[in-house]
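The values are calculated or read from the model by the stated rules, or taken from the named source; none is laboratory data. For clarity, every value in this text was computed on a predicted model and none was experimentally measured. Please note: Cβ atoms are built from the backbone with ideal geometry, for glycine as well, and neighbour counts cover all protein chains shown.
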Amino acid sequence: MCSELRVLSVRQPWAWQIVHEDKDVENRILPTTYRGQVAIFAPFSPDVTALQRLPRVAPAWVDAPRQFELGAIIGLAQLVDCHDASWCGEDQYGRAIEMCSPWSLRSHQHLVLSDPVALRHPVSVRNRRGLWKVGTRLMREIEAQLP
């Protein structure tokens, strides 16, 4: 694990999909200059509409049960890029072209994620929003749950 770790708050089911279903872009309003490893934190408030629209059964290639933990860090990923949707979604004339990921939304910042790893057991954390730094105690708890 890297010496500096940040935590990215992502509502369920999106957090689970980053860790288990190859969701490789998290859409945000504000950009970040941080690059490196992030812990994926699922806050206590899920995206209820997204949960209701989600198929009951995960795709056949997903080998993890759909368990949407709340208030916990559920995995790690690499934050490798952050760019505006206009970087990948429009040509020089403002015409729509293909986005960088099927998960990308127009008019957002795309936080590009790679190499997700699920923790063996979720690590409970108090609710916080955005992208925040990890303390030493929490870093040890996360490391203990790595496969």
Cβ pairs under 8 Å, 6+ apart, first in segment 131-146 and on the phi < 0 side of the Ramachandran plot and among the small types (G, A, S), second surrounded by 12 or more Cβ atoms within 10 Å (Cβ to Cβ) and not in a helix (DSSP H, G or I)
none
Residues of segment 100-133 satisfying the condition of being aliphatic (A, V, I, L, M) and modelled with pLDDT of 90 or more:
L111, V112, L113, V117, A118, L119, V123, V125
Any chance you could count how many residues in segment 64-90 are within 15 Å of A118 (Cα to Cα) and of a type in the set (V, I, T)?
2
Starting from residues that are over 16 Å from P31 (Cβ atoms) and touching a residue at least 40 places away in the same chain (Cβ under 8 Å), keep the ones in segment 100-114 and report whichever is surrounded by the fewest Cβ atoms within 10 Å (Cβ to Cβ).
S114
Checked against (1) more than 14 Å from I18 (Cα to Cα); (2) outside any loop (DSSP other than H, G, I, E, B), L111 satisfies every condition except (1)
Return the total of residues in segment 115-147 being within 18 Å of the chain's Cα centre (by Cα), aliphatic (A, V, I, L, M) and surrounded by fewer than 12 Cβ atoms within 10 Å (Cβ to Cβ).
0
